[in-house]
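Worksheet for the structure shown next.
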Amino acid sequence: MSGPELEFHRPDGPWRAPAGAGPGVEECVLAEDPASGRRTALVRWAPGTDTSAAGVARHDVWEEVYLVEGALYDRTLDRTFTAGMYACRPPGMPHGPWTSPDGVTMLVITYP
């Protein structure tokens with residue numbers, strides 16, 4: 001897999017609402033390779049974000065998530081996940097829905 005050549009720097013890209021995201025969700029894309037489908041982004045949810053209306057999520061790609069700050073509450077598992085925790089989800093793995101009463105920032109990496 002290829003990707004852009006980027007040495008250490010402070011990400012300064014714009015924060016935008018990702019396609020299909022609910023209110024309160026923004027991302028800053030750090031690196032992306034459209035040819036391979038690999039993508040790395042910082043994703044932040046505003047306090048009070050709730051994905052319940054979207055139901056349980058499943059993706060066609062691998063997804064790795066590291067919680068940088070804040071916390072997520074998984075409504076299905078009745079469990080809160082906090083900063084420093086990590087998830088690795090294979091394609092098709094169900095997860096969520098989520099709420100984040102105080103907001104959360106995540107590093108999200110997706111790839112085929």
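Assorted remarks:
- Residue in segment 24-51 that is modelled with the highest pLDDT, counting only those that are over 14 Å from LEU107 (Cα atoms) and hydroxyl-bearing (Ser, Thr, Tyr): THR49
- Flag for ALA54 being surrounded by 12 or more Cβ atoms within 10 Å (Cβ to Cβ), at pLDDT 95 or above and within 20 Å of GLY103 (Cα to Cα): no
- All strands (runs of 3 or more DSSP E) inside segment 1-95 with 2 or more residues being over 15 Å from the mean Cα position of the chain (by Cα) and without any contact (Cβ under 8 Å) to a residue 60 or more places away in the chain: 79-82
- Unmet criterion (only one of (1) on the phi > 0 side of the Ramachandran plot; (2) surrounded by 13 or more Cβ atoms within 10 Å (Cβ to Cβ)) for GLY48: (2)
- Take the conditions (1) outside any loop (DSSP other than H, G, I, E, B); (2) more than 16 Å from PRO18 (Cβ to Cβ); (3) open to solvent by 40 Å² or more (accessible area, probe 1.4 Å); LEU107 misses just one of them, which is (2).
- Qualifying residue in segment 2-16 (condition: among the hydroxyl-bearing types (Ser, Thr, Tyr) and loosely packed, with under 12 Cβ neighbours inside 10 Å): yes
- Out of VAL43, VAL29, VAL25, sole residue that is under 15 Å from TRP98 (Cα atoms), out of contact with any Asp or Glu (no Cβ under 9 Å at 6 or more places or on another chain) and among the hydrophobic types (A, V, I, L, M, F, W, C): VAL25
The values are calculated or read from the model by the stated rules, or taken from the named source; none is laboratory data. Just so it is clear, the structure is predicted and the values come from calculations on it, not from any experiment. Don't worry about glycine lacking a Cβ; one is built from the backbone with ideal geometry, like all the others, and counts go over all protein chains shown. Surface areas here come from the heavy atoms of the whole protein model, side chains and all, with no ligands, DNA or RNA. Shrake-Rupley method; radii C 1.70, N 1.55, O 1.52, S 1.80 Å.
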